[in-house]
1. Give the shape of the range 74-143 as rounded, prolate or oblate, defined through the alpha-carbon gyration tensor: a ≥ b ≥ c are the square roots of its eigenvalues, a/c under 1.5 means rounded, and otherwise the shape is prolate if a/b is larger than b/c and oblate if not.
2. Which listed residue (S138, Y113, I100) has the Cα farthest towards the positive end of the charge dipole for the range 80-160, taking +1 on Lys and Arg C-beta and -1 on Asp and Glu C-beta about the Cα centre?
3. Could you calculate the contour length gain from L174 to F37, that is, 0.36 nm times the residue separation minus the distance between their Cα atoms, to one decimal place in nm?
4. Quick one: which residues, 5 or more positions from Y47 or on another chain, have an amide H under 5 Å from its amide H? H modelled 1.01 Å from N in the peptide plane, none for Pro or chain starts.
5. Hey, any idea what Rg/Rh is for the chain, computing Rh the Kirkwood way over Cα pairs?
6. Within the range 102-142, find all residues whose amide N lies under 18 Å from a label point positioned 7 Å from the Cα of E48 along Cα-to-beta-carbon.
7. In the range 132-224, if every C-alpha pair distance is counted and binned at 10 Å from zero, what percent goes to each bin?
8. State the Cα centre-to-centre distance between the range 90-156 and the range 36-87 in whole Å.
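Nothing in this text is a laboratory measurement; each read-out follows from the coordinates by a stated rule. What you see is a predicted model, and the numbers here were worked out from it, not measured in a lab. Ideal geometry is used to build each Cβ from the backbone, glycine not excepted, and the neighbour counts take in all protein chains shown.
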Amino acid sequence: MFRIKPFNSTQGKTKMSAKLKTTYMALLGVFSLVTYFAVQQLVSHQYEFLTSFDEAIPFIPWTVWIYHSIIPVIVATMFLLVQSRRLFFTTFWACATATIIINLFYIMFPSFYPRPEFAVTGVSEYLVEFSYIIDNSSNTFPSGHVAFAWIMYWGSTFSKKTRQTLGLNRLYLLWALALSLSTLTLKMHYIIDILGGFTVATFCFFVVKSYIKRHSLYSEETQP
């Protein structure tokens, strides 16, 4: 991993402004979306990981609301819970690294999920249909939604605000689990995709965390 230059670590400013966070998060969002949709145009269906366990999971349209909670939770986590530079950049670089790894897998192993047919009878079904349209199912392994959800969980775990708020860490854990399950009940991903997403998230977060700590990057005079 390349060496990351500390961001004004000698100035004693350990908390980041909302403006600076917005800049970095906007860059991450653009990078993630551009690479995601670019890869969809490059790859074609080649692999299918459907098992009897995947087929046994019921299709539950209303879980689409959990599935699409990913962006609001990312924003809330990065702006409200992640306070110190070190924790912010640990989480930021973990997301960026995960994005690169996930897209490499999408290129090397362009797996697809055969989408079910269903009647659009309400808002949830409409949102599922829209989700299917913007996602051509050529990039299932590993799940990006799952990876980002678990990175947010790990980021919140090391937040001082989370430790000070009773039950918040458990709430994040339940949310990450629920979002992971929603990718299955919406027939977006296979079980193996969920395991892959969790593995990528955990690997990226703790490797980045270890690297930043080892090289004393970013100020941490105030604990996260």
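1. oblate
2. My answer, from the dipole projection, is I100.
3. Separation in residues times 0.36 nm, less the Cα-Cα distance, equals 46.4 nm.
4. Counting only residues 5 or more places away or on other chains, the set is S111, F112.
5. Details: Rg = 18.2 Å, Rh = 18.3 Å.
Reported Rg/Rh (Cα atoms, Kirkwood Rh): 0.99.
6. Only 109-118, 136-141 fall inside the zone, counting backbone N under 18 Å.
7. Taking every Cα pair in the range 132-224, the percentages come to 16, 38, 29, 14, 2.
8. Measuring centre to centre over Cα atoms gives 4 Å.
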